[in-house]
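What follows is a set of notes on a single structure, which appears directly below.
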Amino acid sequence: KDQITYLRVALEARRALHGEDWWESVNVRLALDDAARMLALTEKKRNDLKQAFALRARMNALYMSGRYLEAARVTQRIVDLSKDVLGEKHPDTLDAVSSLATILKEAGDNRTAALLARQAAEGMRQALGEWHPRHAVALN
């Protein structure tokens, strides 16, 4: 709860300095939302979220070794867990969708990859704003 108080103060400071839509203000707002969400999660949901984060290392290792189909399966699991716990419009979920698009492109599924990449980029734009760095990354 101390973290939430700190984040509220930080958010007001960012808003005063840069406005509501500046990407750093958006980041603090997201951190505040995430902190509040974490307090409300059940133990199972917290464990699901931990599993999603832990699977990222496996996904990266499979991707880097060229095992794209296996990486895609792991990444789909990350997407599913993230959607369930954080929601499909959360930036972390959208990052996972973007990763899945990249992996599927490498695996040769260009059609699905393009669709997912567009969904991730548009979701990031809606969630974070057009000028947020994470939106820019999703466009690539």
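Every number in this text was worked out from the coordinates using simple rules, so none of it is lab data. Values in this document were obtained by computation on a predicted structure and should not be read as measured data. Here Cβ is always computed from backbone atoms with ideal geometry, including for glycine, and neighbour counts include all displayed protein chains.
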Original post:
trypsin sites (Lys or Arg not before Pro) within region 1-33: which are DSSP loop residues with at most 10 other Cβ atoms inside 10 Å?
Top reply: 1
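Using the alpha carbons of the chain, what is the convex hull volume per residue in cubic angstrom, as a whole number?
101 Å³
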**OP:** Determine the relative contact order of region 49-90: mean sequence separation of Cα pairs under 8 Å and six or more apart, normalised by residue count, in whole percent.
**Re:** 43 percent
Original post:
What are the ³J(HN,Hα) values, in whole Hz, obtained from phi via the Karplus relation 6.51 cos²θ - 1.76 cosθ + 1.60 with θ = phi - 60°, for each residue of region 48-61 in sequence order, with x given for Gly and Pro?
Top reply: 4, 5, 4, 5, 4, 5, 5, 5, 4, 5, 5, 4, 4, 5
Original post:
Can you give the extra length, in nm with one decimal, that the chain gains between residue 88 and residue 12 once fully stretched, where that is 0.36 nm per residue apart less the Cα-Cα distance?
Top reply: 24.7 nm
Subject >> Positive dipole terminus of region 1-64, leading residue within 13, 25, 51 (C-beta point charges) >> reply: 51
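For region 18-49, run through the GluC sites (Glu not before Pro) and keep only the ones in DSSP coil with at most 12 other Cβ atoms within 10 Å of their Cβ.
20
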Original post:
Relative to the longest principal axis of the chain, what angle (0 to 90°, nearest 10) does the C-alpha long axis of helix 23-40 take?
Top reply: 90 degrees
Original post:
If you keep only loop residues by DSSP, which GluC sites (Glu not before Pro) in region 58-109 have at most 16 other Cβ atoms within 10 Å of their Cβ?
Top reply: 88
**OP:** Would you mind working out the magnitude of the charge dipole of region 29-140 relative to its Cα centre, with +1 at each Lys and Arg C-beta and -1 at each Asp and Glu C-beta, to the nearest 20 Debye?
**Re:** 140 debye
Original post:
Once label points are set 7 Å from the Cα along Cα→Cβ at both residue 46 and residue 22, what is their separation, rounded to one decimal in nm?
Top reply: 3.4 nm
**OP:** Would you mind checking the pairs 44/83; 45/83; 50/83; 45/105 and listing those with alpha carbons more than 19 angstrom apart?
**Re:** 45/105
Original post:
Using a basic spin-label model with each label point 7 Å from the Cα along Cα→Cβ, how many nm lie between residue 57 and residue 131?
Top reply: 3.8 nm
Original post:
Any idea what angle helix 91-107 forms with the longest principal axis of the chain, computed on alpha-carbon atoms, 0 to 90 degrees, nearest 10?
Top reply: 20 degrees
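Could you tell me the calculated FRET efficiency between residue 119 and residue 39, based on Cβ-Cβ distance and R0 = 22 angstrom, to the nearest 0.05?
On the way: r = 29 Å, r/R0 = 1.33.
E(calc), rounded to 0.05, equals 0.15.
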**OP:** Taking the chain as the reference, fit the longest principal axis to its C-alpha atoms, fit the long axis of helix 68-86 to the helix C-alpha atoms, and give the angle between the two in degrees, 0 to 90, nearest 10.
**Re:** 30 degrees
